Each structure stands twice: as C-alpha cells, then as structure tokens.
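Engineer: Structure incoming, see below.
The values are calculated or read from the model by the stated rules, or taken from the named source; none is laboratory data. These numbers were taken from a predicted model, which means no experiment stands behind them. Here the Cβ positions follow ideal geometry from the backbone for every residue, glycine too, while neighbour counts run over all protein chains shown. Side chains are part of the model used for accessible areas, which takes the heavy atoms of the whole protein and leaves out ligands, DNA and RNA. Shrake-Rupley method; radii C 1.70, N 1.55, O 1.52, S 1.80 Å.
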Amino acid sequence: MPQLADRVALVTGAASGIGAACAEALAREGAHVVLTDLDAARGEALAARLRGAGRAAEFLPQDVTDEARWAEIVAAIEARRRRLDILVANAGIGIIAPAVEISLADWRRQMAVNVEGVFLGVKHCIPAMRRGGRGGAIVIMSSVAGLRGSAGLSCYAATKAAVRYFAKSVALECAEARDGIRVNTVHPGIIATPIWEKLPAGAGGRNAPLDPQRLAAAGVPLGEAGRPEDIAGGVVFLCSDAARHMTGAELVMDGGMTAGRMGSLAAAAR
C-alpha cells in the first residue's frame, strides 16, 4: 500500500530540482500532487510525465509572493479534490553576496520569495486542511544555512533561519488547536540541482554558475553533493504516518556538514 494513498499534496517550486523530486516521490507514494511554479513549461511537462506514468498530477502556475494567487490555488484544489492534506513549501531563490554589497532590492526579493511565500502558503493552506478534517503535514524547505552562519550567504541564511523558527511556532499553534496538522522543516546541504546554474547576478558580480560537486568535495564530509531524490525521501517520510509524532522538528540532510569538522586534532598535532 503506498504511504500517501488518497492524499492531496501541493508542492511549490516543483518544476525542477528538489521540488520536482518531491513531486515525483509524493506521486509515487499515491498522493494526488498539485505542482506549482513560475516555470510553466517545465511544470506542465513534469505533470504530464507523471500522468503518463500512471500518477495523479496537475500543474498550476504560481508566484508564491502573490497572495491573491494563493487564494485561487487553494480554492481550485478544494473545488477539484475537496481537501488538502500536504503542503511542501519549497519555492525559493538564492543570491550570493556579502551583506554590505547586496542591494536592498535583492534583500527584499529574497525575503519575499523565501519568507513571505512560506507565510502565505501556511496562512492559506492550514484553513483548507482544517476544513478537510483529517489533519495534514506541512514541510518547509529551509537549509543548513538556516542552522549556521555562512560568509557570502548572510541574507539568504536570514531567510532560511526565519522559516525555521516560523515553522516551530506554527507547529505549536497547530498542536494547541489540536487540528492534527504537523509542521516540520528540512535542511539540505549541497544538493546537485539546477539552482547552481541560474544563481542571479548579485552585487559586485560575485554570482556565477557553481559546480556543486566541487563544493561538496571541499566541504561535505561524505565527499559528494546530495541528489534531489535524497531530500525527497525525507519529505515523504515527514508527510507520512511514520512521522505522526514529529512536529516542530528539523530534518537535516547535509552529508555531515553540520556534524563538525573532519580530521583528528590529535593527528594534526603530531
């Protein structure tokens, strides 16, 4: 029996990378998946591919910073499917630049997508989950950058730390309401996705396509970048009944980056 049979899931930023892997994994586990993204061509293509494989999937274009569109998306899901069980708030952008060089416009754009987009999703999806009467699971995509500082990523890290604590507080609000809705965050490390190839130009022209495998070889204890499918497996777990007693928690999937530093100090001292 699929883990998520008869559940309806909404995945934002689902056209590529981690979002696409999450949509595929949720659909494979029996969920009817609604994919949303600004990239309509890729989103439609993925939904069509999933349907061709016998999965239940549809695509709706969405800018997660547009509150009116959030209301439309949720209304459409309820009209067609009668309920919403899962939200994977994955949509996000990354801009690399030191804090003194990043523009206020880029700061605000990153905050709008990474923080306000998550807030709007939670605000509009929780009432729908409550109307469905079966509880629900919300998974918010944070980052290892939301757990520790990182030079050049101060503004991005601020957004990921913000949604980390937002999720904990919303988890407690839902627990207090006894509505059966669980809220958790996922913290990927260096994952091989298209985002590395399309980082927007930041202040000082520092942003450029980066090789995640080279970055991982230098900074990930396991020695390699993760795959989108690795993160999707954790998301499926958090959405399933196997995680029924988890809320306000953090699932770190970073190849050991936050565990500590590699190498023996004793050996280095010899």
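Engineer: On the protein heavy atoms, probe 1.4 angstrom, tell me the percent of accessible surface of the chain carried by carbon and sulfur.
Structural biologist: Carbon plus sulfur share of accessible area: 54 percent.
Engineer: Solvent-accessible area of residue 12, probe 1.4 Å, all protein chains present, reported in Å² to the nearest ten, please.
Structural biologist: Roughly 0 Å² of residue 12 is accessible to a 1.4 Å probe.
Engineer: Residue 102 accessible area, nearest 10 Å², 1.4 Å probe?
Structural biologist: Here the accessible area works out near 20 Å².
Engineer: May I pose another question? I want the local charge near residue 70. Using Cβ-Cβ distances under 12 Å, sum +1 for each Lys or Arg and -1 for each Asp or Glu among the other residues.
Structural biologist: That works out to -3.
Engineer: Next question. What ranking do 85-92, 124-131, 229-236, 49-56 get when scored by the average of other Cβ atoms within 10 Å per residue, highest first?
Structural biologist: Peptide ranking by packing, descending: 85-92, 229-236, 124-131, 49-56.
Engineer: Distance between the C-alpha centers of segment 41-69 and segment 146-175? Whole Å please.
Structural biologist: 27 Å
Engineer: Starting from segment 1-54, pick out the GluC sites (Glu not before Pro) whose DSSP state is loop and whose Cβ has at most 11 other Cβ atoms within 10 Å.
Structural biologist: Of the GluC sites (Glu not before Pro), not one in the loops of segment 1-54 has a Cβ with at most 11 other Cβ atoms within 10 Å.
Engineer: How large is ³J(HN,Hα), in whole Hz, for each residue of segment 137-150 in order, when computed from phi with the Karplus curve 6.51 cos²θ - 1.76 cosθ + 1.60 and θ = phi - 60°, using x for Gly and Pro?
Structural biologist: Residue by residue, segment 137-150 yields 10, 10, 10, 10, 7, 9, 5, 4, 5, x, 10, 8, x, 8 Hz.
Engineer: Further question: Rank these by accessible area, largest first, 1.4 Å probe: 26, 104.
Structural biologist: Ranking 26, 104 by accessible area, largest first, yields 104, 26.
Engineer: Got a sec to turn the phi values of segment 108-114 into Karplus ³J(HN,Hα) couplings, 6.51 cos²θ - 1.76 cosθ + 1.60 with θ = phi - 60°, whole Hz, x for Gly and Pro?
Structural biologist: 5, 5, 5, 5, 4, 6, 7
Engineer: Can you compute the helix-only [θ] at 222 nm over the chain? Use -39500 (n - 2.57) per DSSP H run of at least 4 residues, normalise by all residues, nearest 500 deg cm²/dmol.
Structural biologist: Value at 222 nm, helices only: -13000 deg cm²/dmol.
Engineer: Rounded to the nearest whole Å², what accessible area per residue is found for the chain with the 1.4 Å probe?
Structural biologist: On a per-residue basis, 47 Å².
Engineer: So what is the diffusion coefficient of the chain in µm² per second by Stokes-Einstein at 20 °C and 1.002 mPa s, using a Kirkwood Rh over Cα pairs?
Structural biologist: Approximately 113 µm²/s, per Stokes-Einstein.
Engineer: Hey, if we sort 141, 111 by accessible area with the 1.4 Å probe, largest down, what's the order?
Structural biologist: Greatest to least solvent exposure: 111, 141.
Engineer: Return the long-range amide H neighbours of residue 138 (sequence gap of 5 or more, or a different chain), with a cut-off of under 5 Å between placed amide H atoms.
Structural biologist: 87, 182, 183, 184
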